[in-house]
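**Student:** Before we start, here is the structure in question, set down as C-alpha cells.
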Amino acid sequence: MAETHVLFVEDDDVIREATTLALERDGFVVTAMPDGLSGLESFRADRPDIALLDVMVPGMDGVSLCRRIRDESTVPVIMLSARADSIDVVLGLEAGADDYVTKPFDGSVLVARIRAVLRRFGHAGGPQGGGSEDDASGERGVLLFGDLEVDTEGMEVRKAGTSVALTPTEMRLLLEFSTSPGTVLSRDRLLERVWDYDWGGDTRVVDVHVQRLRTKIGQDRIETVRGFGYKLKA
C-alpha cells in the first residue's frame, strides 16, 4: 500500500516537530512547512494526499491557503485551530476544509481524524450505489430531483444539465440526502454517516457543509427543520 503523504503547515517549531514525529511514527510521510506561502508551493510541487493547516500562520494564513488549495484540488483539508469557539473554525470550513481539530490535541486523536477523513476520500461517494433500481428517476443509480441529477454510481451531479463540482465530503453529504428524500436527517446522524464520527462532534461542521452544498445545488433544495436537522425536498 502506498504511503500517505501529509502536508503540515504550522509556524510553531515545537508543535511542528513533535506532530511531524508523531505522524511519521504512524507511517505517514510528512512535509512540514512554517508558513502559508511555502505551504502552497509544497502543495503544488508534491500534491499530498491530505493537508493539515494551522489557521494562524504567517505569509498566508491557513484559511486563505485552504481557499487556494480548494481552487485547485479536492484533496482533503483539516484545519487546526487554537480555540474551539473561534470564528476561524467556521471561516476554515467555509473556505473548503473538510474538518478541524482544536489545539492542543493528542497525537492519537489527530491520527484518528486523519484516518477518518482518508477513509471517506478513499470511497468518496460513501454508500456506493445508494439509489435502488426503482429510484426517483426509474434509472438504476441515477436520482432526479427536478433539474438536479445525482448519479450515485458515476459520482457525478448535474444541475439543469451542467456538471456541478463537489468535494468528496459534499458528495457524501448529498448522497445521504438524495437516497432519503423527504426524510429529516439529524446532525448527529450526518456526522456519523458522512464524517465517520462515532463519538459525537461539532455540528458546525455539518451546518457549514450544508450551506456550501446549498450554494452549489440551490438554496431551496435542502430544508432546515428546526430542532431536528435537514431534509432534501422530494
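The values are calculated or read from the model by the stated rules, or taken from the named source; none is laboratory data. All values derive from a computational prediction rather than experimental measurement. Cβ: placed from backbone, ideal geometry, glycine included. Neighbour counts: every protein chain shown. When the accessible area is computed, the model is the full protein with side chains, heavy atoms only, and any ligands, DNA or RNA have been set aside. Shrake-Rupley method; radii C 1.70, N 1.55, O 1.52, S 1.80 Å.
**Student:** What dipole magnitude, in Debye to the nearest 20, does the chain give about its Cα centre under +1 on Lys/Arg Cβ and -1 on Asp/Glu Cβ?
**Tutor:** Numbers: 28 positive and 41 negative charges, 126 e Å.
That gives a dipole near 600 debye.
**Student:** Considering the Cα trace of the chain, what is its radius of gyration and what is Dmax, both in angstroms?
**Tutor:** For the chain, the Cα-based Rg and Dmax read 18.1, 57 Å.
**Student:** Which of the listed residues, V6, L93, P34, is farthest toward the dipole's positive end in the range 1-96, when Lys, Arg count +1 and Asp, Glu count -1 at the beta-carbon?
**Tutor:** L93
**Student:** What whole-number value in Å² describes the accessible area per residue of the chain for a 1.4 Å probe?
**Tutor:** Working: 10670 Å² over 234 residues.
On a per-residue basis, the chain sits at 46 Å².
**Student:** With n ≥ 4 as the cut-off for DSSP H runs, can you work out [θ] at 222 nm for the chain, using -39500 (n - 2.57) per run divided by the number of residues, rounded to the nearest 500?
**Tutor:** Working: 8 runs with 92 residues, N = 234.
Value at 222 nm, helices only, nearest 500: -12000 deg cm²/dmol.
**Student:** Can you return the lysines within cross-link range of K216? Criterion is Cα-Cα under 17 Å, with same-chain partners fewer than 8 residues away left out.
**Tutor:** In chain and number order, the partners are K159, K231, K233.
**Student:** What is the dipole size for the range 21-108, taken about its Cα centre, with +1 at each Lys and Arg Cβ and -1 at each Asp and Glu Cβ, in debye to the nearest 20?
**Tutor:** Values: 8 positive and 16 negative charges, 20 e Å.
With only Lys, Arg, Asp and Glu charged at Cβ, the dipole is about 100 debye.
**Student:** Okay, moving on. Quick one: pull the percent of accessible area on the range 1-126 belonging to carbon and sulfur, 1.4 Å probe, ligands and nucleic acids left out.
**Tutor:** Values: 2930 of 5550 Å².
Using a 1.4 Å probe with all protein chains present, the range 1-126 comes out at 53 percent carbon and sulfur.
**Student:** How long are the three semi-axes of the equivalent ellipsoid of the range 144-234, in whole Å, if each is the root of 5 times an eigenvalue of the C-alpha gyration tensor, listed from largest down?
**Tutor:** Details: eigenvalues 89, 40, 26 Å².
One finds semi-axes of 21, 14, 11 Å for the range 144-234.
**Student:** Right, something else. Under 10 Å, Cα contacts only: if you run a Gaussian network model on the chain, which one of P104, P34, P168 comes out with the highest mean-square fluctuation?
**Tutor:** Checking each option, the largest mean-square fluctuation is seen for P104.
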